[in-house]
Amino acid sequence: MVNASSASRPIVDNIAGATGPDLAAPVPDVATPLLAWFRQEARDLPWRRPGFPAWGTLVSEIMLQQTQVARVIPRLEAWLTRWPTPADLAAAPPADAVRAWDRLGYPRRALALHAAATAIASEHGNVVPRDVDALLALPGVGDYTARAVAVFAYGDRHPVVDVNVRRVLARSVLGQGEPGPAKAKQDLPLMESVLPADRDDAAATNAAVMELGALVCVARAPACYACPIADRCAWRAAGYPEHDGPRAPRQAKFTGSDRQVRGLIMAELRASDVPVARSEIEPVWADAEQRDRALASLLRDGLAVGDDASGYRLPEA
Ligand code: SF4
């Protein structure tokens, strides 16, 4: 249950080394109404179902970085059917992981997941670690993912902060329309300050704040009329002042970018069971300099191997 003492309490800074926001400012109780709303309105997503494995949580969290939920779900289900445990993935060649990643984007995540699976299988008895530091030591696992796995797979009590959480907290607690650039030393204590003491409620509150940011308190047109914390939202109460602080960096345009060219080359490599000649890659993009740069970066990242003599292919080992 939500701890009654969580109502309007001061921000508590219990993150090691953190220098959080104004520690003297009272924080409204957003957890109580958010939990009630979340229990009614939460989307039925695979990773929220009882019995969903910790391995599935790790895979889903890595897939969900930069990729929308609707695109992730079918890939996630196929992935877990094919590789139900980390050891199953570790036994497959990295090329299989890259192929199964298909068009989720940022395919380095597939290689990182394969490397993480190998470490879990060999160093953790095929069990996804629970400890945040042990999770952080896995390849490709950053602070957000480590906390998300500890909280959503194991129910531990940690603040979990993603872009949606930062936006909701900036608006509802700090009264700012935008969160500005990410700052873990401020963001984590702020999320900590709204978490109930109870472990299960704290885990659900993390998910509820994320859900509010994904469905209601969206970036461009927040649906304040449907918001369960509208009556205590500092930004709304202040009359929605314009944001005049630093802004979070915007994602670079995809069309015409090296990332687009990388994706086109990867599609060629994924589609072929044999090495692909440079001449077969040339038609995917007219600009030779950009094409060569994209291919070189794929080789550097280990997503492609080979050379002009032997052709190019996905990494087999
Ligand atoms: S009232 Fe509006 S701006 Fe405030 S948290 Fe809710 S949706 Fe976001």
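The values are calculated or read from the model by the stated rules, or taken from the named source; none is laboratory data. Predicted model only: the values in this text are computed from it and were never measured. For neighbour counting, all protein chains shown are included, and Cβ atoms are generated from backbone atoms with ideal geometry for every residue, glycine included. Note: areas computed on protein heavy atoms with side chains; ligands, DNA, RNA excluded. Shrake-Rupley method; radii C 1.70, N 1.55, O 1.52, S 1.80 Å.
Looking across Arg278, Arg270, one residue alone is touching a helix residue (DSSP H, G or I) at 6+ places or on another chain (Cβ under 6 Å), among the basic types (Lys, Arg) and surrounded by 13 or more Cβ atoms within 10 Å (Cβ to Cβ). It is Arg270. When Ala286 is tested against the conditions (1) in contact (Cβ under 8 Å) with a residue 12 or more places away in the chain; (2) more than 28 Å from the chain's Cα centre (by Cα), the lone failure is (1).
Summed over region 224-233, the residues that are farther than 10 Å from Val30 by Cβ and more than 6 Å from the ligand (Cβ to nearest atom) give a count of 3.
Given the condition open to solvent by less than 80 Å² (accessible area, probe 1.4 Å) and within 16 Å of the ligand (Cβ to nearest atom), answer yes or no: does some residue in region 192-203 qualify? Yes: region 192-203 contains one or more residues that are open to solvent by less than 80 Å² (accessible area, probe 1.4 Å) and within 16 Å of the ligand (Cβ to nearest atom). Within the option set Arg71, Arg75, Arg82, Arg99, being of a type in the set (Lys, Arg) and exposed (fewer than 15 other Cβ atoms within 10 Å of the Cβ) holds for one residue only, Arg82.
Select from region 204-222 the residues that are open to solvent by less than 30 Å² (accessible area, probe 1.4 Å) and of a type outside the set (A, V, I, L, M, F, W, C) and write down the one among them that is nearest to the ligand (Cβ to nearest atom). Steps first, please.
Within region 204-222, the first condition is being open to solvent by less than 30 Å² (accessible area, probe 1.4 Å), and the residues that meet it are 204-213, 216-217.
Narrowing the set further to residues that are of a type outside the set (A, V, I, L, M, F, W, C) leaves 205-206, 211, 213.
On the way: Thr205: 14, Asn206: 16, Glu211: 12, Gly213: 8 Å.
The extreme case among them is Gly213.
Do the conditions hold for Gly263, that is, is it within 16 Å of the ligand (Cβ to nearest atom) and of a type outside the set (Lys, Arg)? So Gly263 fails the test. Residues that are open to solvent by less than 30 Å² (accessible area, probe 1.4 Å), part of a helix (DSSP H, G or I) and more than 16 Å from the ligand (Cβ to nearest atom): does region 165-172 have at least one? No - not one qualifying residue is present in region 165-172. In region 305-317, the residues that are without any contact (Cβ under 8 Å) to a residue 12 or more places away in the chain and open to solvent by 40 Å² or more (accessible area, probe 1.4 Å) form Cβ pairs under 7 Å with partners that are of a type outside the set (D, E, K, R) and assigned to a loop (DSSP other than H, G, I, E, B), at six or more places apart or across chains, as follows: Val305/Pro315. In region 223-258, of all residues being part of a loop (DSSP other than H, G, I, E, B) and open to solvent by 100 Å² or more (accessible area, probe 1.4 Å), the one that is farthest from Leu34 (Cα to Cα) corresponds to Thr255. Taking region 203-237 as the range and being of a type in the set (Asp, Glu) and under 16 Å from Arg43 (Cα atoms) as the test, only Glu211 passes.
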